[in-house]
Amino acid sequence: MSKAKSVNGHDLMLWLNSKVVALSKSCKVNFTASTVDSETKDDGTWDAKEIGSRAYSMSNESVYSADKDRSNDLVYRDLYKMYLSDEPIEITFGIASNKTDDGVPEDGWMQPTGDYLKGKALITGLDFDGTKGSKGSISISLQGYGKMELIEAATTTTE
């Protein structure tokens, strides 16, 4: 059996309502589970826990962009409008189906068609940073809304 292939961090992207954030530098998805006490006398002196509920959160860091001509990705005004909507947005996390090491494709980054995660989330934090001596930045915080689905690529078998 051969060694597992690693995935380069720059290939993993976060889409919000089918678009990536312009000039993204990093993104992160975090899964957590809370537990409930299920201890009985049968467990002796040891605690016994079961999963009570699951949750996920996401974050994205990017360079601030105010480009008015963007149609393939999201800039600060788009993100601010999404934040103000108070509505869950569609999120997708994975590797772009048109992945390239040559920069952004002309039609923008396309959502994954291989294995990826898909769900909904609320924007719970939006930070704009304009520190002197560096590029402006945007930080987005999202909280999952409902279940995150693992969408698996169709596999073919040969016999």
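The values are calculated or read from the model by the stated rules, or taken from the named source; none is laboratory data. As the structure is a prediction and not an experimental result, all values here were calculated from the model. When we count neighbours, we look across all protein chains shown, and the Cβ atoms used for this are built from the backbone with ideal geometry, even at glycine. Quick note on the areas: whole protein, heavy atoms, side chains included, nothing else; ligands and nucleic acids left out. Shrake-Rupley method; radii C 1.70, N 1.55, O 1.52, S 1.80 Å.
Some notes on this structure:
- Segment 36-87: number of residues that are farther than 18 Å from GLY130 by Cα, in a loop (DSSP other than H, G, I, E, B) and among the hydroxyl-bearing types (Ser, Thr, Tyr): 4
- Screening segment 55-77 for residues that are in contact (Cβ under 8 Å) with a residue 40 or more places away in the chain and charged (D, E, K, R) and picking the one that is least open to solvent (accessible area, probe 1.4 Å) gives ASP73.
- Among residues of segment 88-102 being free of Cβ contacts under 8 Å to residues at least 24 places away in the same chain and closer than 23 Å to LYS28 by Cβ, the one that is surrounded by the fewest Cβ atoms within 10 Å (Cβ to Cβ) is ASP101.
- Among residues of segment 137-155 being assigned to a loop (DSSP other than H, G, I, E, B) and either touching a Cys at 6+ places or on another chain (Cβ under 8 Å) or more than 30 Å from ALA66 (Cβ to Cβ) (or both), the one that is most open to solvent (accessible area, probe 1.4 Å) is LYS147.
- Pairs with Cβ under 6 Å, 6+ apart, first in segment 1-27 and over 19 Å from GLY114 (Cβ atoms), second at pLDDT below 95 and in a loop (DSSP other than H, G, I, E, B): ALA22/SER65; ALA22/ARG70; ALA22/VAL75; LEU23/SER65
- Meets criteria (touching a Pro at 6+ places or on another chain (Cβ under 7 Å) and either assigned to a loop (DSSP other than H, G, I, E, B) or of a type in the set (Phe, Trp, Tyr) (or both)) for SER97: yes
- Within segment 1-30, the set of residues being open to solvent by 100 Å² or more (accessible area, probe 1.4 Å) and within 11 Å of the chain's Cα centre (by Cα) comprises just one member, LYS28.
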